[in-house]
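Colleague: My structure is below; once you've seen it, I'll send some questions.
Computed from the coordinates by the stated procedures, all read-outs in this text should not be read as laboratory data. Note that the structure is a prediction, hence the values are computed from the model and not measured. As a convention, Cβ positions derive from the backbone with ideal geometry for all residues, glycine included, and neighbour counts pool all protein chains shown.
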Amino acid sequence: MPNLTAKLVEVFQLGEEIVGVLDLPRHFWPEPGQYLPCQRLSEKPEIMTTPLFKVIGDPNRLCVAPLPGSWTPGDRLALLPPQGNGFKLPHNARRIGLLAMSIPPSRLLTLVKPALAQNAAVSLFCNPQPDPDLLSRVPSVVEVGPLSALQDNLQWPDFLAVDLPLARLEHLQEILPPLPLPFEGQVLVRTSMPCHGVGECGVCTVKTRRGWRLACVNGPVFPLAEVLHVA
Amino acid sequence: MWLDGQSTIRKQDLLLTNPYVNAAGTLGFTPDPRAMPFLNHLGAFITHPISRRPRQPAANRCCLPFPGGFLLHTGLANPGISRAVSRYRRRWASATLPIIVHLLAEAPETVAEMVQKLEGLENVLAVELGLPPECSPKLLFDFMAASTGELPVLISLGPEQVPTLLTALKALQPAAVHLTEPRGALPEPDGGLVSGRLYGPAIFPLMLSAAQTLVNAGLRVIADGGIYERWQAEALLGCGVFAVGLDGTLWGVDPNESFRKK
């Protein structure tokens, strides 16, 4: 696996997240939902890698989060190529729902551009309501509504992309209808991934229909039907 | 153990070509040269802990950072010894470095059964017994008696167990004592306490001190210690341990850096 280096060229606040802009060549950019294990290069080695995800921003620059608060513009970073499985929008999806549960939708919003490029209608459902700064970056053609709007219109999407913390997976299955779902879907499961797969440390395991899977290797994006209603 | 021309070699002695190993639980069940370009620096590969029966992940599994390190609580999920042997024996046999299989010592009778399943496997160099936190000297004697066979036996314990077990270890003289990361506790984000192993440079002074105690007792010691810089490994080797165990640093973007730094 080749090791990469990049410069942190800009740091800014986006809602409650700290976002950084990296000068990484485009062919190393992660797909939405994939992550870059990253460490700042400094005299004292950092103890853990930080998994950086692509977030909404200028499409010509790589915007990633969540950045540790101690990183500053000009820092040199060592990183690995994109890891894990990201979102894969079905080419035939025409009504795409984005659902962010208990977290900012900054990662999901990276799907808006490819969704609009395939002439899909896009709706964002969030709970809680996103920060106004984040909302200002959402194209006006994207409808934004609360979680209840999705619950009232479960027949609308033909594809649903979800982003949530691991602990909220059980809550998701209370919101969505029983299997089989009336739409396709994928879920980005947020959890610690300290070993990024090299150690199979097991802290990021997710229970699926095919047994326990590691979010760092087999995810962090899983098919919805794989993780819902798993006893 | 380094040959000095005067010592005799017993079948149960442990020989390493390089004075570095990985800590159990840091590199999975089998070495993967593609994902682990640092393998040529290691003298042996220690597997993820394996129990007699399959184990599920802990419900409250987590990784909690603290200043100078992090606490890891996973539940040590593994497929159990039978499936592990059938699943990994070929990859152990074809590995470019010898394998030390880490066994979770739960009861003496299950240890004996697990060790028997490993004897005769190609390229398995030794077994390492991970002691339970409450292990008494008597139980340690029972574990050692149960595990005695063709393979060298390493005893893996945390520094908090050294005072209780030191006398028994001196009497038993295992092939090596592997001093592993201490156990600790931190508050969970949702309240309550979570216990787990502690990793990171913050534990180094504690580990160095415990390693010195074991070395001074005449034991052959492999010591982990939150090693992130070369000088830390050199300090442990300088105090007489015969190999250094690496943990969290192997999860860095470029673990080879740990071996290069002056």
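Colleague: Using Cα springs under 10 Å in a Gaussian network model of chain A, which residue among A:LYS44, A:LYS113, A:LYS54 shows the largest mean-square fluctuation?
Modeller: Checking each option, the largest mean-square fluctuation is seen for A:LYS44.
Colleague: Take the Cα of B:ARG91, step 7 Å along the line toward its Cβ, and report every residue of segment A:200-231 whose backbone nitrogen sits under 20 Å from that point.
Modeller: A:200-208, A:210-220
Colleague: Would you look at the GNM of chain B, springs on alpha carbons closer than 10 Å, and say which of B:PRO108, B:PRO152, B:PRO133 moves the most?
Modeller: Comparing B:PRO108, B:PRO152, B:PRO133 in a Gaussian network model of chain B, the most mobile one is B:PRO133.
Colleague: What spacing in nm lies between the two simple spin-label points modelled at A:ASN3 and A:LEU41, each 7 Å away from Cα in the Cβ direction?
Modeller: Distance between label points: 0.9 nm.
Colleague: Could you tell me which Cys residues in chain A have no other cysteine's Cβ under 4.7 Å from their own Cβ, answering none if every one has a partner?
Modeller: A:CYS38, A:CYS63, A:CYS126, A:CYS204, A:CYS216, each lacking another Cys Cβ under 4.7 Å.
Colleague: Can you give the average number of partner chain beta-carbon atoms within 10 Å of each beta-carbon in peptide A:187-196, as a whole number?
Modeller: For this peptide, the per-residue mean of nearby foreign Cβ atoms is 3.
Colleague: Non-local amide H neighbours of B:GLU128 (under 5 Å, H modeled in plane, Pro and chain starts lacking H): which ones?
Modeller: Placed amide hydrogens put B:VAL101, B:HIS102, B:LEU103, B:LEU154 under 5 Å from B:GLU128.
Colleague: Which residues' amide hydrogens lie under 5 Å from the amide hydrogen of B:GLU188, considering only partners 5 or more residues apart or on another chain, with H built in the peptide plane?
Modeller: Residues meeting the criterion, in which the H sits 1.01 Å from N, are B:LEU193, B:VAL194.
Colleague: What are the ³J(HN,Hα) values, in whole Hz, obtained from phi via the Karplus relation 6.51 cos²θ - 1.76 cosθ + 1.60 with θ = phi - 60°, for each residue of segment B:133-144 in sequence order, with x given for Gly and Pro?
Modeller: Those phi angles translate into x, 9, 4, 9, x, 4, 5, 4, 4, 5, 4, 5 Hz.
Colleague: On a straight-distance basis, which aspartates and glutamates could pair with B:LYS117 in a cross-link, Cα separation under 15 angstrom, same-chain partners fewer than 8 positions away excluded?
Modeller: Straight-line reach from B:LYS117, under 15 Å: B:GLU109, B:GLU128, B:GLU150.
Colleague: With n ≥ 4 as the cut-off for DSSP H runs, can you work out [θ] at 222 nm for chain A, using -39500 (n - 2.57) per run divided by the number of residues, rounded to the nearest 500?
Modeller: -2500 deg cm²/dmol
Colleague: Just to confirm a number: summing +1 for Lys and Arg and -1 for Asp and Glu over residues other than B:LEU157 whose beta-carbon lies under 13 angstrom from that of B:LEU157, what do you get? Write down the numbers at each step before the final one.
Modeller: Working: positive: B:ARG183, B:ARG197; negative: B:GLU128, B:GLU134, B:GLU160, B:GLU181, B:ASP224.
Around B:LEU157, the surrounding residues sum to -3.
Colleague: Once you list every other residue whose beta carbon is under 15 Å from the beta carbon of A:PRO132, what net charge do they have if Lys and Arg are +1 and Asp and Glu are -1?
Modeller: With Lys, Arg at +1 and Asp, Glu at -1, the net is -3.
Colleague: Once you put a point 7 Å from the Cα of A:GLN118 and another 7 Å from the Cα of A:SER148, both along the Cβ direction, what distance in nm separates them?
Modeller: 3.2
Colleague: Do the alpha carbons of any pairs in B:LYS138/B:LYS170; A:LYS88/A:LYS207; A:LYS54/A:LYS113; A:LYS7/A:LYS54 sit beyond 18 Å of each other, and which pairs?
Modeller: Too far apart for the 18 Å limit: A:LYS88/A:LYS207.
Colleague: What net charge is computed for the residues neighbouring A:ARG107, neighbours being all others with C-beta under 12 Å from the C-beta of A:ARG107, Lys and Arg scored +1, Asp and Glu -1?
Modeller: Overall, the nearby charge balance is -1.
Colleague: Let me ask something else about it. What spacing in nm lies between the two simple spin-label points modelled at A:ARG26 and B:GLU109, each 7 Å away from Cα in the Cβ direction?
Modeller: 6.7
Colleague: Same structure, new question: Give the long-range amide H neighbours of A:VAL187: residues separated by 5 or more places, or on another chain, with amide H under 5 Å away, using H modelled in the peptide plane at 1.01 Å from N.
Modeller: Distant-sequence amide H within range of A:VAL187: A:VAL162, A:PHE222, A:LEU224.
Colleague: Next up: Using a Gaussian network model on chain B with a 10 Å cutoff between Cα atoms, which of B:PRO187, B:PRO159, B:PRO205 fluctuates the most?
Modeller: B:PRO187
Colleague: Relative to the present Cα-Cα distance, how much length would full extension add between B:CYS239 and B:ASN60 at 0.36 nm per residue of separation?
Modeller: Length gained, B:CYS239 through B:ASN60: 60.7 nm.
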